[in-house]
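What follows is a single structure, written as structure tokens, with notes after it.
The values are calculated or read from the model by the stated rules, or taken from the named source; none is laboratory data. The structure displayed is predicted, hence computed values, not measured ones. Please note: Cβ atoms are built from the backbone with ideal geometry, for glycine as well, and neighbour counts cover all protein chains shown.
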Amino acid sequence: MSSEPEADPDPSAAPRPAPPARVALCLDCRTLLAASERCDVDAGHRVARLDEDAGREAALGEAYGRPPKPTRLGLALKVALAIAWPIGALVLIRLAGLRALLVVGLFGLAFLAWRLARRANERFFGADVAPPPFPADAPRHPGRVGPGQPVRVGPFEDALGGELRLYAGDVVRAVTLRDGYTGGFQLALDDGRDVFVPAGRVRLEAPSEAWHALRAWELDDAQRAADPRDEAPTPFPAKSGAVALLAEGTHVELLGELKLHEEDAAEGYRDAPELHLVPLDRIPRLRLLS
């Protein structure tokens, strides 16, 4: 009795290792990173581990402001000011009348407004530090997103990749989190070549109409999903958020040089290494076209 020989397994169908979990946060540009990863925007940026107590405390301090440590001198000054203010106000009223008190009050309000503005600016220190724009002369490789490994991007479970951004305000400003990510996908270039974009972080640029605003429950879901501990308070508070997604068939531009990458094929008789054309940059850069 004869039987048909079994076909050799397709090396490209072999499961690929999962990329490392993103458990660190750049405190300067708010990019979510892998545990031992340095920020690709600036190697000098401060990175905190969100799954460790010290790192989480640092991230929370940047988000909500660091409470000053009380000292004996500071407490004494606070008590002295609390006593001196009403006494001083009464003396001013007696000596110069209500006009002088009004002037002092205006100065006090101006000082308070300055303190509040400074606190608001410090609350999200570095949040507006954006990644550098794509160079105008960078090589551009337009193509269509092909099959890939679905991943979660923000509240969306089945995207092939994308980027989540959370904002401190109701307008697009003061970014508190940037999370660009893909599970890996094939990219069919318009010139006929095929590129494999590996799983991991990506930088995504998209027109305003490609960003989908998150609803309230989606915003909460996105915050919990990005937090390795899922604990309150969140290290990236936000009043609004948006995502840009990559799906099969999406028209994109891959920016930067390409290279051939040799990957071991699945174990078996006569298996040979598989060659992939991949982005040269450690963090692939994509521009969403449609």
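Quick notes
- Residue identified as under 25 Å from residue 26 (Cβ atoms), surrounded by fewer than 16 Cβ atoms within 10 Å (Cβ to Cβ) and of a type outside the set (D, E, K, R) among 169, 162: 169
- Qualifying residue in segment 183-201 (condition: in the same structural domain as residue 220 (by TED's automatic domain parsing), under 13 Å from the mean Cα position of the chain (by Cα) and touching a residue at least 24 places away in the same chain (Cβ under 8 Å)): yes
- Pairs are defined by a Cβ separation below 7 Å, a sequence spacing of at least 6 or placement on different chains, a first member in segment 13-38 that is at pLDDT below 70, and a second member that is in a strand (DSSP E or B); the pairs so defined are 19/200.
- Of all residues in segment 215-235, those being surrounded by 15 or more Cβ atoms within 10 Å (Cβ to Cβ) and in contact with a helix residue (DSSP H, G or I) (Cβ under 6 Å, 6 or more places away or on another chain) number 2.
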